[in-house]
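The values are calculated or read from the model by the stated rules, or taken from the named source; none is laboratory data. Note that the coordinates shown come from a computational prediction; the quantities given were computed from them, not determined experimentally. Methodologically, a virtual Cβ is constructed for each residue, glycine included, from the backbone with ideal geometry; neighbour enumeration extends over all protein chains shown. Ligands, DNA and RNA are stripped out before the accessible areas are found, and what is left, the full protein with its side chains, is counted by its heavy atoms. Shrake-Rupley method; radii C 1.70, N 1.55, O 1.52, S 1.80 Å.
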Amino acid sequence: MSYINHSGYAYTKDSFGKNRRMHRILWETFNGPIPNGMDIDHINGDRLDNRPENLRIVSRKENMQNTKVYNTNTSGVTGVTWIKAKNRWRAYVMIDYKQTHLGHYTDWFEAVCARMSANNRYGFHENHGRR
C-alpha cells in the first residue's frame with residue numbers, strides 16, 4: 001500500500017513491511033545503497049517526481065541549497081525580508097546553519113541582487129528559492 005505523507009513524499013512498504021520513502025527505494029534500485037548521512041534530492045523540487053533523472057544523492061547541506069521558497073515568505077524571494085522598524089529590505093543567507101547578514105536596502109531589487117549573488121558565491125543550486 002502506498003500513500004503520500006503530510007510533507008508530500010510518497011511512501012510504500014518495502015519487502016520487510018517497513019514504510020519507506022519511495023524515492024529512496026528507487027534510488028537504491030538503480031544506484032545501490034545510500035551512504036549514511038546522505039540525502040536523495042528531487043532536483044526539480046517535485047516530491048512526487050521520482051524519475052531516476054530527477055534524483056541525485058547529496059549531503060544535507062546541498063539538499064538545503066535546493067529548496068523551494070517557504071509558503072510563509074512575503075517578499076517572494078528566499079533570504080529577503082521586510083524589516084518594518086528600519087523601513088528597509090534585509091538580505092541574508094544561511095551557511096553551515098548560521099545566518100549571514102548581507103545588508104539592508106531601501107530597494108527590494110537591490111536586496112534580491114545581494115541574495116542572488118550570495119547564492120552563486122556559496123554554490124546554491126540554480127533551482128533554489130523557486131515557487
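A few notes on this one:
- Residue count, the range 1-18 (criterion: part of a strand (DSSP E or B) and either over 23 Å from the mean Cα position of the chain (by Cα) or over 18 Å from Gly45 (Cβ atoms) (or both)): 4
- Filter pass, Arg47 being at pLDDT 95 or above, open to solvent by 60 Å² or more (accessible area, probe 1.4 Å) and not polar (S, T, N, Q): no
- Selected residue (criterion: farthest from Leu55 (Cα to Cα)) from residues of the range 19-32 that are without any contact (Cβ under 8 Å) to a residue 24 or more places away in the chain, assigned to a helix (DSSP H, G or I) and under 21 Å from the mean Cα position of the chain (by Cα): Ile25
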